[in-house]
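Below: the structure, in structure tokens.
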Amino acid sequence: MVNGKLEERMDTMCSYKHTHNGAVHIVVGDSVLTYNLITKKVETNVVLQVDNPMHIDLVEISFSNGLINTNTPDHPYYVKGKGWSSVNPKQTQQHYKMTVEQLEKGDVCLFYDRENKIILEIFITETVVVKENTQTYNLSKIANNNNYFANGILVHNKYNPENKNNDITKEE
């Protein structure tokens, strides 16, 4: 982890603009899709910082639509009815001072269908711990919102605590 930010493997990132040797790269200045939890609208915002540390402990999270995201176990996902949740809430609290719920099989996450421009609900079908030395990436600072869509699935970047949108944990 770098500077208290959450990371994912690059093949899980959300907006594919730059590539190098087949790998996807999002760079500062790129625009990515985020979600305003107050207005419940998808927004385009600019990436202000990207971190890319190495990690050995990862988790693969499989979803009902066939997607698999690979990320650190403390990376929060937005779960309907629970709010921000991670595979390892204790680690999320320790590293980022962010209280989250337990992410588990059956949880319903938000998925942005880019083709139809709508938010869909998908559920977690499986989580698997992966032990491999892997370069990870996080959009650690994004203008206006503290989240982004990784493979279309809403995740948190835990950057700007004074942003009121960041503080919403459960749907009202």
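Each reported figure results from applying straightforward, stated rules to the coordinates on display, with no laboratory input. Being a predicted model, the structure only gives us computed values, none of them experimental. Using ideal geometry, Cβ is built from the backbone for each residue, glycine included, and neighbour counts are taken over all protein chains shown.
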Checking rank on 80-90, 59-69, with mean other Cβ inside 10 Å and highest first, the result is 80-90, 59-69
Descending packing, highest mean Cβ count within 10 Å first, for 31-40, 47-56 is 31-40, 47-56
Residue-ordered couplings for segment 88-100, obtained by feeding phi - 60° into the Karplus form 6.51 cos²θ - 1.76 cosθ + 1.60 and rounding to whole Hz (Gly and Pro as x), are 10, x, 4, 5, 4, 5, 5, 7, 10, 6, 10, 7, 9
Packing-ranked peptide list from 97-107, 137-147, highest mean Cβ count within 10 angstrom first, is 137-147, 97-107
For ILE56 and VAL129, extending 7 Å from Cα along the Cα-Cβ vector and measuring point to point gives, in nm, a value of 1.3
Net charge near GLU104 (other residues with Cβ under 12 Å of its Cβ; Lys, Arg +1; Asp, Glu -1) is -1
Label model pair ASP30, GLN94: point-to-point distance (7 angstrom along the Cα→beta-carbon line) in nm is 3.1
Checked segment 17-150 with the C-alpha gyration tensor, a ≥ b ≥ c its square-rooted eigenvalues, rounded below a/c of 1.5, otherwise prolate if a/b is larger than b/c and oblate if not; verdict rounded
Result: in segment 38-119 the number of Lys pairs with C-alpha under 23 Å apart, spaced 8 or more or on different chains, is 14
So, with points 7 Å from each Cα along the Cβ direction, the LYS40-LYS105 label distance in nm works out to 3.1
Note: LEU48 to GLU115 extended length (0.36 nm per residue) minus current alpha-carbon separation gives 21.5 nm
